[in-house]
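Only one structure is covered here, and it is reproduced in the block below.
The values are calculated or read from the model by the stated rules, or taken from the named source; none is laboratory data. Computed from a predicted model, the values in this text were never measured in an experiment. Here the Cβ positions follow ideal geometry from the backbone for every residue, glycine too, while neighbour counts run over all protein chains shown. Please note that ligands, DNA and RNA were not included when accessible areas were found on the heavy atoms of the full protein model with its side chains. Shrake-Rupley method; radii C 1.70, N 1.55, O 1.52, S 1.80 Å.
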Amino acid sequence: MISLSHLKKLKAEGRKFSCLTCYDSSMAKALEVAKIDSILVGDSLGMTIQGHDSTLPVEVTDMAYHTAAVRRGNSHAFIMTDLPFMSYATLNDALQNSKTIMQAGAQMVKLEGGAWLSETVEVLTRNGIPVCVHLGLTPQSVHVFGGYKVQARTRETADQLIADCQAVVAAGAALLLLECVPAQVGKEISELFPQIPVIGIGAGADTDGQVLVQQDMLGLNFSHVAKFVRNFMKEQSGETAIVDAFKAYHAAVLDGSFPALEQTFQIEL
Ligand code: KIV
């Protein structure tokens with residue numbers, strides 16, 4: 001099973017790693033066959049599985065249920081799971097809810113935020129719970145942002161994001177996930193932390209890992225498809241098409257052909 005130290009080793013070696021969201025056991029097995037390096041049991045399941053229009057209605061019990069199903073289907077990938085909306089607003093909630101998620105089979109929890117999460121990150125890490133911090137566009141704050149918009153578009157806001165990353169890394173964050181930021185910002189942050197793997201989604205080609213929502217890359221999103229998505233299913237046919245799409249994604253992440261320029265936000269800061 002891939003561990004956090006393995007992901008750190010891949011970063012040190014300059015080998016990119018693949019990550020996809022997953023919520024169930026049979027798809028988790030397909031990801032294992034395709035040798036996908038890591039899985040995010042994302043609270044995007046509120047949209048992809050439950051049919052809501054945001055991640056806000058998702059509960060900790062949902063995350064634990066899907067984490068356990070994914071772990072049963074996959075014994076290869078590193079698994080991290082989202083703590084959903086308002087489930088880490090107090091230190092006690094963060095500890096109790098992370099315990100539930102880790103006991104369901106996750107190897108790491110993911111929280112959305114910035115420097116203000118430092119104490120939470122420190123306490124979780126001290127209690128044996130590795131933490132990924134998700135920064136940039138953080139979907140649990142969609143109503144604060146007023147929509148799903150590219151973040152850190154100016155030098156000033158990019159520097160603020162970098163300061164947030166520095167604060168959570170100093171507090172013990174073991175992994176960062178950057179969503180919807182200019183490619184230059186993804187590159188700067190990935191280079192700033194040699195020991196911390198950085199996963200990007202819409203953060204350019206220079207992050208250490210890439211993640212996509214599984215339904216998006218399989219062409220199963222029937223509403224708005226974000227610029228950073230590539231449909232890997234389009235190129236496949238026959239009964240192995242799904243596994244082949246996952247294999248093609250893994251290969252494209254490792255050889256650097258995904259994301260290409262057309263899936264990247266090229267914004268002059
Ligand atoms: O919940 C999720 O799937 C995520 C990804 C969009 C990174 O957080």
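Remark: segment 4-263 carries 41 Å² of accessible area per residue (probe radius 1.4 Å; ligands, DNA and RNA excluded). The gain in end-to-end length when the Ser257 to His224 segment is fully stretched comes to 9.5 nm, 0.36 nm per residue minus the alpha carbon separation. Note on His224: accessible area approximately 150 square angstrom, rounded to 10, probe 1.4 Å, nucleic acids and ligands left out. Of the whole protein surface, Phe265 contributes about 30 Å² of accessible area at a 1.4 Å probe radius. Of the residues Asn74, Asn127, Asn97, the one that moves most in a GNM of the chain with alpha-carbon contacts below 10 Å is Asn127. Cross-link reach is defined here as a Cα-Cα straight distance under 29 Å, omitting same-chain residues fewer than 8 places apart; for Lys29 the lysines meeting it are Lys8, Lys9, Lys11, Lys16, Lys99, Lys110, Lys227, Lys234, Lys247. In a DSSP loop and with at most 13 other Cβ atoms within 10 Å, the GluC sites (Glu not before Pro) in segment 201-269 are Glu235, Glu239, Glu268.
What is segment 4-263's relative contact order, in percent, from Cα pairs under 8 angstrom and six or more apart in sequence? Value for segment 4-263: 19 percent. Look at the alpha carbon pairs under 8 Å that are at least 6 residues apart: their mean separation over the length of segment 207-268 gives a relative contact order of 30 percent.
Every helix of 4 or more DSSP H residues in the chain counts as -39500 (n - 2.57), and over all residues that averages to -11500 deg cm²/dmol at 222 nm.
Averaged over residues, the count of other Cβ atoms within 10 Å places the peptides 38-48, 208-218, 24-34 in the sequence 38-48, 208-218, 24-34, highest first. Taking chymotrypsin sites (Phe, Trp or Tyr not before Pro) across segment 108-185, the ones in a DSSP loop with at most 15 further Cβ atoms lying within 10 angstrom of their Cβ are Tyr148.
Which order do the peptides 157-164, 14-21 take when ranked by the mean count of other beta-carbon atoms within 10 Å per residue, highest first? Display every interim value, and only then the final one.
Details: 157-164: 16.5, 14-21: 21.6.
So the peptides 157-164, 14-21, ranked by packing, come out 14-21, 157-164.
Considering only Ala170, Ala94, Ala68, the mean-square fluctuation computed in a Gaussian network model of the chain, springs between alpha carbons under 10 angstrom, is largest for Ala170. Positive-end ranking of Leu212, Gly256, Gly202 along the dipole of the chain, with charges on Cβ about the Cα centre, is headed by Gly256.
The trypsin sites (Lys or Arg not before Pro) of segment 180-269 that DSSP puts in a loop, and whose beta carbon has at most 15 other beta carbons within 10 Å, are Lys227, Lys234.
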